[in-house]
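To start, the structure under review is shown below, and the notes come after it.
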Amino acid sequence: RDLFLFACYTGTAYADTVSITEENLFRDEEGSLWLKYHRKKNKMLARVKLLPEALAMLEKYKDPTRPTLLPPQEFRVLRGNMKSLRVLSGISMDLVYHVGRHSFASLVTLEEGVPIETISRMLGHNNIQTTQIYARVTPKKLFEDMDKFIEANKDFKFAL
């Protein structure tokens, strides 16, 4: 469960999540902790500022004897655990690890106003079209964007 939640908070793919190390962490000028790594899939650089929930998870699993920040889990075991989570939570669709990456792109970032170009960089995509597949526009985001558009153009007279 926690590995999946880490993907929801960071947008990391499974292969990247289980291989990140202390070397992948850095602090910015304000002291915020970032995750910076090259994706296993395409070698693209991905960078994401760690949310408090992700930081708490790293702290929870901190183990100086392990080379990775999070405990590794065989992918088939992870898949079995994901199926159990799906059943326990009453979700009807197949719950796979990659849903966490999509959740990060759509709900955590895009819906909160982060531009899709920035999300693309966070996810380590080399093509913004890939990010567009991940970052689905939710009804909430659509309504908010239309409200912003209307507010910004309230004094503009549209010709009929």
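The values are calculated or read from the model by the stated rules, or taken from the named source; none is laboratory data. Just so it is clear, the model here is predicted, and its values are computed rather than measured. Using ideal geometry, Cβ is built from the backbone for each residue, glycine included, and neighbour counts are taken over all protein chains shown.
With modelled with pLDDT under 75 and out of contact with any Phe, Trp or Tyr (no Cβ under 8 Å at 6 or more places or on another chain) as the only criterion, which of Lys148, Lys154, Lys83, Lys141 stands out?
Result of the check over Lys148, Lys154, Lys83, Lys141: Lys141.
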Which condition does Leu85 not pass, out of (1) crowded, with 19+ Cβ neighbours inside 10 Å; (2) over 18 Å from Thr131 (Cβ atoms); (3) of a type in the set (A, V, I, L, M, F, W, C), if it passes all the others? (1)
In region 51-64, is there at least one residue being touching a strand residue (DSSP E or B) at 6+ places or on another chain (Cβ under 7 Å) and modelled with pLDDT of 90 or more? yes
Cβ-Cβ under 9 Å, sequence separation 6+ or interchain: first residue in region 56-73 and without any contact (Cβ under 8 Å) to a residue 60 or more places away in the chain, partner among the aromatic types (Phe, Trp, Tyr) and not in a loop (DSSP other than H, G, I, E, B). Which pairs? Met57/Phe6; Met57/Tyr9; Leu58/Phe6
Of (1) without any contact (Cβ under 8 Å) to a residue 40 or more places away in the chain; (2) closer than 25 Å to His125 by Cα; (3) not in a loop (DSSP other than H, G, I, E, B), Lys83 fails just (2)
